[in-house]
Amino acid sequence: MNTTKSGSKRYIFLAAILIVLAGGLVLLPKYQKHEGINPEELLSKAISPERYISTDLLADKLVNQDPSFILIDVRDESEYAKYSLPNALNIPLKKLLDEDSIPYLNQSQYNVILFSNDNFYADQAWFLCNRLNYKNLKVLKGGLNEWYKTIINPTKPNENMTALDFELYSTRKAASMFFGVAYPEQFKVDKPVVIVKKEAPKKVITVEKKKKAPAEGGC
C-alpha cells in the first residue's frame, strides 16, 4: 500500500515537471541549436531539493550583504514595478532567452536565484536555463508568497511550541525589521503597523559578455 502511494506521488511529481517544461519550451524555438545536458541529468537535478533556496537563507544573505549571488525576478514588468526583492533584476520569462539576458544567466561569477510569486514561473526559468546547461541556478522556494508569509509577516508561535520555534520567529522578526516592517512594541504609544520598503545598498553587477566567434572565411 505504501509502495503504491510512493509510486503515485513520484508520477504526480514527474507529471508536474512535464507541465512546467511544456509551459516554458515555447521559448526555445528562437534558438535552433540548444544542445545542453541530457534528459536524465536534467531529471536528476529537478528532483533534488538542493535546487531550491529557502526564504530564511536568502534573508540571511541579504541582511549580511552577501556579494556572491544575484536575484532574478522572472515576473512581468508591471508586477516587478509594484514590489520586488532588494537589488533584484527583472528578466521576464518571455525575455529569458533574449541576447541581453543571457550574460546574466549563463555566467560563473555569481550564483543566480530565480523567483516569481510562487514556484511556477521560476521553475520554468530554471528548467529552460538548465536545459541549456547554465550553471549555479537556484529557485526561491515558495517565491514572494512564501517570502511575505515567513519573513515580512512571520507568525508568532503559541506558548505550546518549542524553543526552536520561538528562536526562528525571533530571527524572522529581526529580518522583517531590517526590511522595513515596524512593530507596535517599538513605540511608546500605539501606532499602526507600517510596512516601508527599505532600500538595500545597490549591488554593482558587472557581467562580462561572451565574445562572438569570428566568422569563417574572409580576406
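The values are calculated or read from the model by the stated rules, or taken from the named source; none is laboratory data. Remember, predicted model here, so these are calculated numbers, not experimental data. Counting neighbours? That spans all protein chains shown, and the Cβs are built from the backbone with ideal geometry, glycine included. The accessibility values were calculated without ligands, DNA or RNA, using every heavy atom of the protein model including side chains. Shrake-Rupley method; radii C 1.70, N 1.55, O 1.52, S 1.80 Å.
So, in the range 119-138, of the ones that are modelled with pLDDT under 95 and of a type in the set (D, E, K, R), which residue ends up least open to solvent (accessible area, probe 1.4 Å)?
Checking each candidate, the answer is 123.
May I ask you to list the residues in the range 53-70 that are in contact with a Pro (Cβ under 8 Å, 6 or more places away or on another chain) and buried (at least 17 other Cβ atoms within 10 Å of the Cβ)? Break it down stepwise before answering.
Of the residues in the range 53-70, the ones in contact with a Pro (Cβ under 8 Å, 6 or more places away or on another chain) are 62, 65.
Correct list: 62 only.
Which of the residues belonging to the range 81-90 are open to solvent by 10 Å² or more (accessible area, probe 1.4 Å), free of Cβ contacts under 8 Å to residues at least 60 places away in the same chain and under 15 Å from residue 113 (Cβ atoms)? Steps first, please.
In the first step, residues of the range 81-90 are kept if they are open to solvent by 10 Å² or more (accessible area, probe 1.4 Å); the result is 81-83, 86-87, 89-90.
Within this subset, residues satisfying the condition of being free of Cβ contacts under 8 Å to residues at least 60 places away in the same chain are 81-82, 90.
Across the range 81-90, the qualifying residue is only 90.
Of all residues being more than 15 Å from residue 60 (Cβ to Cβ), open to solvent by less than 40 Å² (accessible area, probe 1.4 Å) and in a loop (DSSP other than H, G, I, E, B) in the range 139-181, which is modelled with the highest pLDDT? Just the residue, please.
Residue satisfying both the conditions and the ranking: 142.
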